[in-house]
Structure formats: C-alpha cells, structure tokens
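To keep things clear, I will list the structure first and then write my remarks on it.
The values are calculated or read from the model by the stated rules, or taken from the named source; none is laboratory data. Bear in mind the structure is a predicted one, so any value in this text is a computation, not a measurement. In this analysis, Cβ positions are derived from the backbone assuming ideal geometry, glycine residues included, and neighbour counts consider all displayed protein chains. The protein model used for the area step is the full one, side chains on, heavy atoms only, and it has no ligands, DNA or RNA in it. Shrake-Rupley method; radii C 1.70, N 1.55, O 1.52, S 1.80 Å.
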Amino acid sequence: MGGLACALALAKHGITRIDVYETASNLGFVGAGIQLAPNMARILERLGCWEVIAKEATDIKDASIRRHNDNTELAHVDFSYIRREYGVPHMVGHRSSLANAMFDACRKETAITFHFKSSCGGIKSWLPKPIFTVVPREGESYDVSVDVVLAADGVKSVVRPQILKELNIDAEVIDSGQSAYRIMLTREQMASDPEMLQLLNSDQVTRWIGERRHIIAYPISNKSIYNISTAQPDVHFAAAPSATYTTRGSRADMLDNFKDFCPLVLRMLNLVPEGEVCEWKLRVHNPLPTWVRGSVALVGDACHPTLPHLNQGAAQAIEDAGVLAVVLSKLPDFSPDSINKALKVYEHVRKKRAETLVELAAASGRTLHLGEGAAREERDKQFAALKEKGGPSPDKAVDAEVQKMILGTDVMQVARDNFENIFQVL
Ligand SMILES: Cc1cc2nc3c(=O)[nH]c(=O)nc-3n(C[C@H](O)[C@H](O)[C@H](O)COP(=O)(O)OP(=O)(O)OC[C@H]3O[C@@H](n4cnc5c(N)ncnc54)[C@H](O)[C@@H]3O)c2cc1C
C-alpha cells in the first residue's frame, strides 16, 4: 500500500524517475476487505484513483457495537455526518480494488517502472548516495545507486533493522499476542438467511465485542461479499517460526475461539469451508527513534505497524506517501543534504501523529477486550451514554474527537504549510 502510494504520489508531484522493487511476482493481494478512512480517500482523490475505488465500495452510514453473546446493541454511531463535516465519505472496500486502482494509475505514469520478483536485500552504502542490493528471484544480485530510498517493505522490513543497528538500538518486532481470521462470505452463501442478508444489504460496520476477542464486519464489492475480520488471542502462532505472518488456520479452532458468540455470528463462521480459514499474526514494534538515515526513509508498516482496531494502518502508509511527495517536490536541489532535510521534514510531520494512532489502536483493543468486572461495566455505561446522547466512545474508531483528529487534519497541507519553516531550521 505504502509503496504503490509513494510511487504514484511522487510521479504526480513531478518526480521523473521512480523504480519500484517488489518481492512478489504480481499484486495477487490477499482477499480481504479494508476500511477506506476519509483521510486515505482525500489523498487518493488527489492522486486520481479514488473514483474507481469508490464505485464498488460501500458508503458507510453507521456503526453498531454489539455484545458478543446476545447481539445486544451497546452503541450506535452515525457516520453520515463525516461526509458533511470532512468533505469525504467513510467507505469500506476490497483490498484488491484499492491496490489495483493505485497500480493502474501508476502504470499510466511513464516515470514509474515496476521490478517484480525483485527483493531489496538491504542498504549496502548510505552516503553520499544510497546504494542498495537487489536480489532477483532468478539470476544474480546487483547493486543500484539512487538519490532516495523509500523503504515501504512492511512490518518485516529489512531496512528498519539496518537503520537501528547504526544507532545501536534493538529492532525486535513485538508479538502483540493477537491474531486475526479474515473471512469473506458471498451473497450466495448468505442468501437463505434473512438476518445475514440484512447485514449484507446494510451500509453498516458492525462490531461484536467479547472478552479478549472481537469481530468486525461490513459489506464490500457492491455488497456481493460480507467481509469479516476477527481479533483473538494468538495461541496457534506461538510455535510458528518468526517469519510466519499468515497461515492456513484450523476451522475447528476458529469455531472454538468464538463458541460463546451469538447464533448469528456462529452461523456466519460456520459458512467458512474447511481449508479456507486464513489466520494473520498481528505484530507491532516500539516507536522508533527515527525513520530516516541519510537519503533513506521508512514508510508505512516498516516504521509504524499498528493493530487494526482503529482501521488506520494503510491510511497512515498513504499519508506517509502524500507527505513524502510534497516534501521531495519542494526541494531546491537533489543534493544528499537537501534530501536528508526533506526526509526529516517528512518525519517531523508524520511521526508523532502515526505513533499516537498506533497507541490509540492498542488502547482501544484493550478496552474492547475487557472481561467481566467494574472496568467493563464502566465501559458499557459509556457505550449506553453514547447511544443516548453522544459523547466519548470506548471504541476509538467511532469516537467523534478521535475522528476529528484523524480526519480533520490534511497532512499534505500541513507539510505544504510548514515545509519552509522546518526545512530552514534543520
Ligand atoms: C487484520 C487486519 C486488518 C486491517 N484493516 C485495515 C483497515 O481496515 N484499514 C487500514 O487502513 N488498514 C488496515 N490494516 C493495516 C494495513 O493492512 C497495513 O497497515 C498496510 O498494508 C501497510 O502497508 P505497507 O505498504 O506499509 O506494508 P505491506 O502492505 O505489508 O506491503 C509491504 C510490501 O513490501 C513487499 N516487500 C517486503 N519485503 C520486501 C523486500 N525486502 N524487497 C521488496 N519488497 C518487499 C511485500 O511483498 C509487500 O508487497 C489491517 C491489517 C490487518 C492485519
């Protein structure tokens, strides 16, 4: 997400040569839905690829938070105000629709060249210009010298530990102790169940919350698919090698994990065929001291991986891309010194905000997953008050103040407005 968005944003801002190196052989993305938050949509609109995504996405009108075992609605939050307030809607869609729209837009830019089956093996030399090694799936490795490296290589980044090693800092990824099942049900599968059809035909994000686990679901792809994503304690990955991020999950384990959820949820989980349970390990790491070394910068999950409970991971990677395009296009020259300063402006505009959202997502998860006791009673009182008369929400993804902070800030504009001032003092 971050790599495609960077390439497109840079090309749209007049950078004339951009090479994208991608380990995979193509963009065969995991079939799953994604919340397309308005701060993401705003940037994609500018990059000219939002319209095609929006065409098949669902325009979310409300969110419903429900108790896991009896389906009681704890809170109901209106989302339709978002378009009025922030000028862009909150939509949900298919990951492949988002990725393909950016990829198609990239292919129209003559400045961009894609190199598939080509991994970055690491930075070989940092100064004066970065040189990195490309490891193609077939053939010999080779070195490339460039003006800038933007490492959008995900939570397993090879560049992040290199930057931190230079600073003598531990780059260990932290196991969040949580994992997620990702499920997509088709209209055909749901057709005979009126309650399920009601969900599929809705414009709603629904979250069922229970102790140490929850489920979030919404319709995507012109409402032909109901996307379900779970979060639960990660017991099955414990023994898995650290390189493993997704794995074929066990259907029996999945059903067991959610056995105390309401009959509607269980009927949906029961529709998942044996052999088609996809489990993701959720990983994060501590905030980094810096995202930049010389003319190399980290982007997206490589520098601010997050738990998905705030629906902001890809949105934040796309914000990174928008800001990088602004700062690099404002450079007076492409000297290593100017590039380093521009990347520092990027870090200045982005780091605190991204890390605040990472922490909020983790905190929200802790509140959503409370077990029986006084804290949960207090949380549910807050949900009830929210339903009655508005106010703060324990689920930060639907909290009006948090939405204001996330959606009310146009990071590209912030970068434009502050570039000169920050650049001069660096
Ligand atoms: C269950 C779940 C639900 C989520 N829901 C949402 C949501 O609703 N909304 C939202 O905004 N975000 C969501 N996210 C987060 C989002 O998916 C990630 O934050 C986002 O994909 C990060 O983008 P990225 O480009 O940084 O990394 P990635 O998407 O991981 O991309 C990294 C890319 O780099 C390639 N690569 C890796 N190493 C190398 C190398 N050495 N050389 C070359 N290429 C390499 C990989 O093949 C990959 O294509 C969710 C995440 C999860 C797990």
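Could you please tell me which pairs satisfy a Cβ distance under 6 Å, a separation of 6+ or placement on different chains, a first residue in the stretch 382-405 that is without any contact (Cβ under 8 Å) to a residue 12 or more places away in the chain, and a second residue that is part of a helix (DSSP H, G or I) and hydroxyl-bearing (Ser, Thr, Tyr)?
Listed pairs, sorted by first residue: none to list.
Between a residue in the stretch 269-296 that is at positive phi and any residue that is not in a loop (DSSP other than H, G, I, E, B), which pairs come within a Cβ distance under 7 Å, given they are 6 or more apart or on different chains?
The qualifying pairs are GLY294/PRO336; GLY294/ASN340.
Looking at (1) more than 15 Å from THR206 (Cα to Cα); (2) away from the ligand (no atom under 14 Å from the Cβ); (3) open to solvent by 10 Å² or more (accessible area, probe 1.4 Å), which is the only condition HIS94 fails?
(2)
From the list ASN71, ASN26, ASN100, which residue is in contact (Cβ under 8 Å) with a residue 40 or more places away in the chain and at positive phi?
Just a single option satisfies the conditions, and that option is ASN71.
In the stretch 274-308, what count of residues is obtained for those that are open to solvent by 40 Å² or more (accessible area, probe 1.4 Å) and near the ligand (Cβ under 9 Å from one of its atoms)?
Counting residues in the stretch 274-308 that are open to solvent by 40 Å² or more (accessible area, probe 1.4 Å) and near the ligand (Cβ under 9 Å from one of its atoms) gives 3.
When you scan the stretch 139-189 for strands (runs of 3 or more DSSP E) that lie fully inside it, which ones turn up with 1 or more residues that are open to solvent by 40 Å² or more (accessible area, probe 1.4 Å) and within 13 Å of the ligand (Cβ to nearest atom)?
Where strands (runs of 3 or more DSSP E) fall fully within the stretch 139-189 and carry at least 1 residues being open to solvent by 40 Å² or more (accessible area, probe 1.4 Å) and within 13 Å of the ligand (Cβ to nearest atom), they are 149-151, 174-186.
Would the stretch 50-61 turn up any residue that is open to solvent by less than 10 Å² (accessible area, probe 1.4 Å) and over 30 Å from PHE258 (Cβ atoms)? Before the answer, list the steps.
The first filter runs over the stretch 50-61 and keeps only residues open to solvent by less than 10 Å² (accessible area, probe 1.4 Å), leaving 53, 58, 60.
Remaining after also requiring over 30 Å from PHE258 (Cβ atoms): 53.
The answer is yes, given that some residue of the stretch 50-61 is open to solvent by less than 10 Å² (accessible area, probe 1.4 Å) and over 30 Å from PHE258 (Cβ atoms).
Given the conditions (1) under 27 Å from the mean Cα position of the chain (by Cα); (2) closer than 29 Å to LEU370 by Cα; (3) open to solvent by 60 Å² or more (accessible area, probe 1.4 Å), report the number of the one that LYS108 does not fulfil.
(2)
I'd like the full set of residues that are in contact (Cβ under 8 Å) with a residue 60 or more places away in the chain, touching a Ser or Thr at 6+ places or on another chain (Cβ under 7 Å) and either surrounded by 23 or more Cβ atoms within 10 Å (Cβ to Cβ) or within 15 Å of ALA151 (Cα to Cα) (or both), limited to the stretch 314-342.
Start the filter on the stretch 314-342 by keeping residues that are in contact (Cβ under 8 Å) with a residue 60 or more places away in the chain, which leaves 314-315, 317-330, 334, 336, 339, 341-342.
Then drop every residue that is not touching a Ser or Thr at 6+ places or on another chain (Cβ under 7 Å), which leaves 336, 339.
Result: ILE339, single match.
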